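Novice: This structure is in structure tokens; I'll ask about it shortly.
The values are calculated or read from the model by the stated rules, or taken from the named source; none is laboratory data. Computed from a predicted structure; not experimentally measured. Cβ atoms come from the backbone with ideal geometry, glycine included; neighbour counts cover every protein chain shown. Just the protein is used for accessible areas: all its heavy atoms, side chains included, with ligands, DNA and RNA removed. Shrake-Rupley method; radii C 1.70, N 1.55, O 1.52, S 1.80 Å.
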Amino acid sequence: PSLMPTLPHNLLQRSATGMVKLILSKFIYAPLWGIEAHEVGGANTNLIHFNNGLYALEEAMAPLKFSIDSETGEMRSDGCEDFQPGTWKYPMCAHPKLDRRTNQLMVTGYNPSLPSGEIKYGVYR
């Protein structure tokens, strides 16, 4: 018997459909609308509060800033942005580290679309 798990057919089908949607939205539709590829994604991996802002993070996109209406509890997207506007043009790791003593946020990012495939490191206050 195989030790590899058997995945249900519908799970494989949903995964393939999700990948096709991601590729289409990130590399075909986004450029047509003037949106950077690192600004497209699900932002469904981590939430952080930093410098009085709430951010939803995913490994393959820029931080998605959002707010919550205190009256209705509704969430509103404020769009993708970095922690210091204009300083970060990469997908960001969804697990930044916060030094609570200094209030510095340390982040890493990797941009596979660049020829060098460089990794970037940043520190924000």
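Novice: Every residue in segment 47-61 that is within 8 Å of the chain's Cα centre (by Cα) and either of a type in the set (K, R) or surrounded by 16 or more Cβ atoms within 10 Å (Cβ to Cβ) (or both), please.
Specialist: Answer for segment 47-61, where residues must be within 8 Å of the chain's Cα centre (by Cα) and either of a type in the set (K, R) or surrounded by 16 or more Cβ atoms within 10 Å (Cβ to Cβ) (or both): A56, L57, E58, A60, M61.
Novice: Okay, next question. Spot the failing condition for P85; the list is (1) exposed (fewer than 11 other Cβ atoms within 10 Å of the Cβ); (2) of a type outside the set (K, R); (3) at pLDDT 85 or above, and only one is missed.
Specialist: Unmet condition: (3).
Novice: Something else: Go through (1) among the aromatic types (F, W, Y); (2) open to solvent by 90 Å² or more (accessible area, probe 1.4 Å); (3) at pLDDT below 75 for Y90 and report which single condition fails.
Specialist: (2)
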